[in-house]
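The block underneath contains the structure these notes are about, expressed in structure tokens.
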Amino acid sequence: MQTPKLAVTIPCFNEELCIESTCKRLLEVLNLLAAKGKISRDSYLYLVDDGSSDNTWKIIEQLHNSYPERIKALKFIRNYGNQKALVAGLEGVRELGCDCIVSIDADLQQDENSIEDFVDAFTEGNDVVLGVRNDRKDDSFFKKSTAVLFYKLMNLLGAKIPVNHSDYRLVSKRALDVMALYPEKALFLRGFFHEVGLKTKIVKFNVKPRFAGESKFNFMSLMALALNGITSFSVVPLRIIAVLGIIMFFGSILVGLETIFEKVFFNDSPNGYATAIIMLSFFGGLQLFCLGVIGEYVGQVYREVKARPRYVKEKELK
Ligand code: UDP
Ligand code: MG
């Protein structure tokens, strides 16, 4: 096989403090791999500016002017969130051309030296190489525990994703072609590439603290990511509701029989006030919760049916 052409895509949202040194470091990595003969010399970076409000785009333009062949970029007209920026990166490099593509965060928290392991796994014939972090010792207690909860819950609810795989991965041109066959707007990439059925390998990598700037995720955006991951990926929660309904149906028959029994044989029906209140509030709450879950799915259908574009481009530097 010819030496593969590698593209590295980087979602950037207000990353003015990181982006320049990140690009320089990644170009070094690409040069090193090219020198070892593992990737071709025309491998490149593809930056997606997710509607930053700081100087990120200005810096990207300067970088593109200094390395027009090696740094290409796309700018969204507004912030669409990191998943959309990743999808845009994949679609962008598919158009520009490459044999394999790695996605990595702009803060280089994911060890960029592992790109070599990813490329090796690709050369061995894998179409998807998933990066899985070695440990989370640098994360705050809150992030660590919410992350564990996230993976557990996701897997329980049917969206199978490998534990501690974020969006650091390599996919082949073939995987991009497969992705293009899926017209759904809310693609949840972590689950998608894991489940799609292409030959997959897991590679461990080390995590570093963010070297500049702040995390762009807060509790709400993580919740939105998790909810979208579940509703776009799995109908298990709907099934759980159906099963709950059946269980309660039989439960209510039992309670009904018991009430009639007491009324007929003991005639003490005024008893059971506490039970009535507890059951009333319990079932009221449960019904609202189930309605909420169904509502999330209706919302997902609503968004998909409108078939709005995933994102709108403002500028592109090719
Ligand atoms: N990001 C993005 N759009 C957003 C939020 C984040 O493109 O709305 C990018 C961000 O620039 C970074 C990556 O997604 O390259 C991961 O974000 P961050 O490092 O803030 O997340 P964390 O590592 O704290 O989970
Ligand atoms: Mg980060």
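Table for the structure above
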{"read-out": "Any pair with Cβ under 6 angstrom, 6 or more apart, that starts in region 139-168 at a residue that is without any contact (Cβ under 8 Å) to a residue 24 or more places away in the chain and ends at one that is within 15 Å of ligand 1 (Cβ to nearest atom) and of a type outside the set (Val, Ile, Thr)", "value": "Lys144/Arg136"}
{"read-out": "Residue list for region 44-95, filter: farther than 18 Å from Met179 by Cα and basic (Lys, Arg)", "value": "Lys58, Arg70, Lys72, Lys75, Arg78"}
{"read-out": "Filtered residue count, region 180-214, keeping only those that are surrounded by 14 or more Cβ atoms within 10 Å (Cβ to Cβ) and either assigned to a helix (DSSP H, G or I) or within 16 Å of ligand 2 (Cβ to nearest atom) (or both)", "value": "12"}
{"read-out": "Test: Gly213 is among the small types (Gly, Ala, Ser) and over 30 Å from Asn55 (Cβ atoms)", "value": "no"}
{"read-out": "Qualifying residue in region 101-120 (condition: touching an Asp or Glu at 6+ places or on another chain (Cβ under 8 Å), in contact (Cβ under 8 Å) with a residue 24 or more places away in the chain, away from ligand 2 (no atom under 16 Å from the Cβ) and not aliphatic (A, V, I, L, M))", "value": "no"}
{"read-out": "From the options Lys152, Lys173, Lys160, Lys185, residue that is out of contact with any Asp or Glu (no Cβ under 9 Å at 6 or more places or on another chain) and among the basic types (Lys, Arg)", "value": "Lys152"}
{"read-out": "Restricting region 20-76 to residues that are closer than 20 Å to Lys318 by Cα and small (Gly, Ala, Ser), the residue that is farthest from ligand 2 (Cβ to nearest atom)", "value": "Ser40"}
{"read-out": "Leu227 vs. criteria in contact with an Asp or Glu (Cβ under 7 Å, 6 or more places away or on another chain), within 30 Å of Cys100 (Cβ to Cβ) and surrounded by 13 or more Cβ atoms within 10 Å (Cβ to Cβ)", "value": "no"}
{"read-out": "Ser221 vs. criteria hydroxyl-bearing (Ser, Thr, Tyr) and either buried (at least 17 other Cβ atoms within 10 Å of the Cβ) or at pLDDT 85 or above (or both)", "value": "no"}
{"read-out": "Checklist (1) more than 10 Å from ligand 1 (Cβ to nearest atom); (2) farther than 22 Å from Arg174 by Cβ; (3) of a type outside the set (Lys, Arg) applied to Gln109, failing item", "value": "(1)"}
{"read-out": "Members of region 1-18 that are away from ligand 2 (no atom under 13 Å from the Cβ) and of a type in the set (A, V, I, L, M, F, W, C)", "value": "Met1, Leu6, Ala7, Val8"}
{"read-out": "Counted residues, region 1-31 - those being more than 17 Å from Glu69 (Cα to Cα), more than 25 Å from the chain's Cα centre (by Cα) and aliphatic (A, V, I, L, M)", "value": "1"}
{"read-out": "Test: residue in region 180-202 that is within 12 Å of ligand 1 (Cβ to nearest atom), at pLDDT below 85 and either under 18 Å from Phe122 (Cα atoms) or not aromatic (Phe, Trp, Tyr) (or both)", "value": "no"}
{"read-out": "Residue that is at pLDDT below 85 and closer than 30 Å to Asn155 by Cα, where the choices are Phe233, Phe261", "value": "Phe233"}
{"read-out": "Residue in region 217-232 that is under 19 Å from Asp105 (Cβ atoms), within 16 Å of ligand 2 (Cβ to nearest atom) and in a strand (DSSP E or B) present", "value": "no"}
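Quick grid of which residues meet (1) more than 19 Å from the chain's Cα centre (by Cα); (2) within 14 Å of Pro4 (Cβ to Cβ):
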| site | (1), (2) |
| --- | --- |
| Val87 | no, no |
| Glu95 | yes, no |
| Cys98 | yes, yes |
| Val102 | no, yes |
| Leu108 | no, no |
| Ser114 | yes, no |
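The values are calculated or read from the model by the stated rules, or taken from the named source; none is laboratory data. Because the structure is a prediction, the values reported are computed rather than measured. Reconstructed Cβ throughout: ideal geometry from the backbone, glycine too, with neighbour counts over all protein chains shown.
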